[in-house]
Amino acid sequence: MTKKTVALVVGTRPEVIKMAPVWFALRDSAVLEPFLISTGQHREMLAQAFGVFGLKADADLGLMQPGQTLPDLTARVITSMTATLRAHRPAAVLVQGDTTTVLGSTLAAFYERVPVGHVEAGLRTYDFDAPWPEEMNRRLTDPISRWCFAPTEWSAENLRKEQVPGAIHVTGNTVVDALLWVRAKLQRANVSAEAVAQRCVVPATFTRDFLQTPGRRFVLITGHRRESFGQGFENICHSIAELAKRYPDLGLLYPVHLNPNVQEPVRRILGDNPRVALIPPVGYEDFIWLMDRCHFVLSDSGGVQEEAPSLGKPVLVMRSTTERPEGVTAGTCSLVGTDPAVILREAAKLLDDPADYRRRSALRNPYGDGSASRRIVETLEWALAAN
Ligand code: UD1
Ligand code: UDP
């Protein structure tokens, strides 16, 4: 029997991380097989994520341009994806998350009449300005999708209220599958601080003081949201500089996203502080190793909010609202926006109040149990076998 092909679409770092477990589950299917399409919305950061999982795109649209704009990228994703779907005619297309790759590819599949499955469906802030443009991307993707794979009961309920026409399946988030896979790999490999520091280009003094010296605390930082560009990022950087000033024993480790709107203020404001280590984006495995060892995380990332509860690491979420309220309810995440006074106040609680820290670092992940990919593939096996 020939297997039916399911196209998995990825374009940015988090899409690769969250789609990799689905690729593995499809590879092991008796009736389906994966066909990996990269839009190449990201380049270096995508290659880094592919490398960790040993994946290679079957079709690479190679779309990234420095400083790309939303309308231009969206148009090019639709045009290139349409041609790729026409050439390969998969039985279904899977998209993940809320990027321009997701919206453009979903529209292309719709125009080509290929059914779409949306992995991580139903996340909502109900604020079209935050995250921008991602909230609109997923609001437009879900009604087009034949299968909405909701990570949690809360996200499924959002879809039911919106009366999306597709089938809603609660699966858990595939990021938990990816995290467990990487943690097992790290445990087997018994990775050393020196090896991580070398791969991640962490400066020697920071490595010695914070990665090799037990008990020294460091904060892991990431940030890239478009709605924070400009004043928001200036505020974030000044908060980090102020944290370093107020806590002379604290390290701050920041793998800086490659978006030029992020690079510029971060390097200008934080560039010459020896306890603030600015490093290039790091591979997923190394990022999890670093998250496992940090005191807490300061981040506006979606994926990091979902991973932190499995590692028991509090996250100060530099956003005004979140489409992932489960982490806030669990106590792991708290919303601090980009106001320095709030960031410093909340950071102080985690640094100065051991009882509060203990409460916030309890291990409980509301986003999944590590079997999301298997559930997604089983659903597709049933649905596509019938056609
Ligand atoms: C995109 C997604 C965002 C996701 C994030 C993950 C959209 C609208 N945004 O934001 O939802 O959370 O990825 O990181 O889809 N660049 C490089 N090399 C890379 C990647 C980016 O140089 O490997 C630079 C380029 O100049 C590029 C710019 O960053 O033009 C912006 O990339 P883009 O994918 O448009 O936006 P992100 O901010 O990365
Ligand atoms: N991540 C990584 N290297 C880094 C920073 C983050 O591998 O230097 C991982 C992180 O663990 C998470 C994902 O990338 O799984 C989040 O990506 P990002 O913050 O770019 O996007 P978002 O999740 O906000 O869409």
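Rolling a 1.4 angstrom probe over the chain with all protein chains present gives an accessible area of which 53% lies on carbon and sulfur atoms. Evaluated with a Cβ-only charge set (Lys, Arg +1; Asp, Glu -1), the chain carries a dipole of roughly 520 debye about its Cα centre, given to the nearest 20. Using a probe of 1.4 Å on the protein chains alone, the accessible area found for Lys4 is around 70 Å². Entry note, the chain: relative contact order of 15 percent, from Cα contacts under 8 Å with a spacing of 6+ residues. Using the Cα centre of the chain as origin and beta-carbon charges of +1 (Lys, Arg) and -1 (Asp, Glu), tell me which of Pro131, Val22, Val219 is placed farthest towards the positive end of the dipole. Sorting the options by dipole projection puts first Val22.
The solvent-accessible area of Trp147, taken with every protein chain present and a 1.4 Å probe, is close to 10 Å².
Largest first, what is the accessible-area ranking of Met136, Met1 with a 1.4 Å probe?
On the way: Met136 75, Met1 180 Å².
Listed by decreasing accessible area, they come as Met1, Met136.
Put Glu120, Glu285 in order of accessible area, highest first, and with a 1.4 Å probe you get Glu285, Glu120. Rounded to the nearest 500, the 222 nm mean residue ellipticity of the chain from helices alone is -14500 deg cm²/dmol, with -39,500 (n - 2.57) taken per DSSP H run of at least 4 residues. For Leu36, neighbours were defined as the other residues whose beta-carbon sits under 12 Å from its Cβ, and their charges (Lys and Arg +1, Asp and Glu -1) total -2.
Where only protein heavy atoms count, and the probe is 1.4 Å, what is the accessible area per residue for the chain in Å²? Intermediate values should be presented prior to the final figure.
Numbers: 15480 Å² over 387 residues.
Per residue, the chain has 40 Å² of solvent-accessible surface.
Which of the listed residues, Gly67, Pro143, Pro90, is farthest toward the dipole's positive end in the stretch 1-160, when Lys, Arg count +1 and Asp, Glu count -1 at the beta-carbon? Sorting the options by dipole projection puts first Pro90. Principal-axis analysis of the Cα atoms of the chain puts helix 231-246 at an angle of about 40° to the longest axis.
Per-residue SASA remark: Glu194, around 90 Å² accessible (1.4 Å probe; ligands, DNA and RNA not included). Across the stretch 238-358, Cα-Cα pairs more than 16 Å apart make up 62 percent of the total. Cα-based values for the chain, radius of gyration first and Dmax second, are 20.4, 66 Å.
The values are calculated or read from the model by the stated rules, or taken from the named source; none is laboratory data. What you see is a predicted model, and the numbers here were worked out from it, not measured in a lab. For neighbour counting, all protein chains shown are included, and Cβ atoms are generated from backbone atoms with ideal geometry for every residue, glycine included. Please note that ligands, DNA and RNA were not included when accessible areas were found on the heavy atoms of the full protein model with its side chains. Shrake-Rupley method; radii C 1.70, N 1.55, O 1.52, S 1.80 Å.
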